[in-house]
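Let me begin by handing over the structure; questions about it come next.
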Amino acid sequence: MAFSQDAPPRGIVWHHRQKAWRVVVKKMDRSVNPPKQRKFYREFKDFDAAIRVRDYVSRMLHGSNAKLHTDGRLPSTVSRLDVIRWLVAQSAIESSEVAKFTARVNSLDTPPTTS
């Protein structure tokens, strides 16, 4: 699915001050009381890299329920370890949950099938 920079996909916004594309992924964590919204933000100069990172993070946080715009693979300029570091630094995942999300990341090596 092709997107233009004039009408970016969900989760991608233009950040005027940074002059970069901002990836925004949110997830409600109902496993804690009270429920807490986890957020991931990151800026990218490259529009395609922003879309790919958004899909990858969405697959990590939402699993098979993620709505993807690409095949879900990261761009070559970003490593999986970078993404996990960003998520922990922004408290989108707790440091004690890294093992769970690392296992989910390892299962994401095969992109989901589309029907």
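Quick check on segment 69-82: of everything there that is outside any loop (DSSP other than H, G, I, E, B) and surrounded by 13 or more Cβ atoms within 10 Å (Cβ to Cβ), which residue is modelled with the highest pLDDT?
My answer is Asp82.
Can you go through Ile12, Ile93 and tell me which one is at pLDDT 85 or above and surrounded by 12 or more Cβ atoms within 10 Å (Cβ to Cβ)?
Testing whether each residue is at pLDDT 85 or above and surrounded by 12 or more Cβ atoms within 10 Å (Cβ to Cβ) leaves just Ile12.
Would you list the strands (runs of 3 or more DSSP E) that sit entirely within segment 1-68 and hold 1 or more residues that are under 20 Å from Thr102 (Cα atoms)?
The strands (runs of 3 or more DSSP E) meeting that bar are 20-29, 36-44.
Find the residue count for segment 41-61, including only residues that are closer than 18 Å to Gln90 by Cα and among the acidic types (Asp, Glu).
2
Just one of the numbered conditions (1) at pLDDT below 80; (2) under 15 Å from Ala92 (Cβ atoms) is not true of Ser64; which one?
(2)
Any residue in segment 29-40 that is closer than 17 Å to Ala89 by Cβ and of a type in the set (Phe, Trp, Tyr) sitting within a Cβ distance under 8 Å of a residue that is at pLDDT 80 or above and part of a strand (DSSP E or B)? List the pairs, counting only those 6 or more apart or interchain.
From segment 29-40, the pairs are Phe40/Val23; Phe40/Val24; Phe40/Val25; Phe40/Lys26.
Continuing with the same structure: Every residue in segment 43-57 that is crowded, with 22+ Cβ neighbours inside 10 Å and not aromatic (Phe, Trp, Tyr), please.
Listed by number, the residues that qualify are Ala50, Ile51, Arg52, Val53, Arg54, Asp55, Val57.
Same structure, new question: Out of the residues in segment 58-68 that are within 13 Å of Arg10 (Cβ to Cβ) and without any contact (Cβ under 8 Å) to a residue 40 or more places away in the chain, state the one that is surrounded by the fewest Cβ atoms within 10 Å (Cβ to Cβ).
Looking at the filtered set, the residue picked out is His62.
The values are calculated or read from the model by the stated rules, or taken from the named source; none is laboratory data. The structure presented is a predicted model; accordingly, all values stated were derived computationally and were not measured. With ideal geometry, Cβ positions are generated from the backbone for all residues, glycine too; neighbour counts draw on all protein chains shown.
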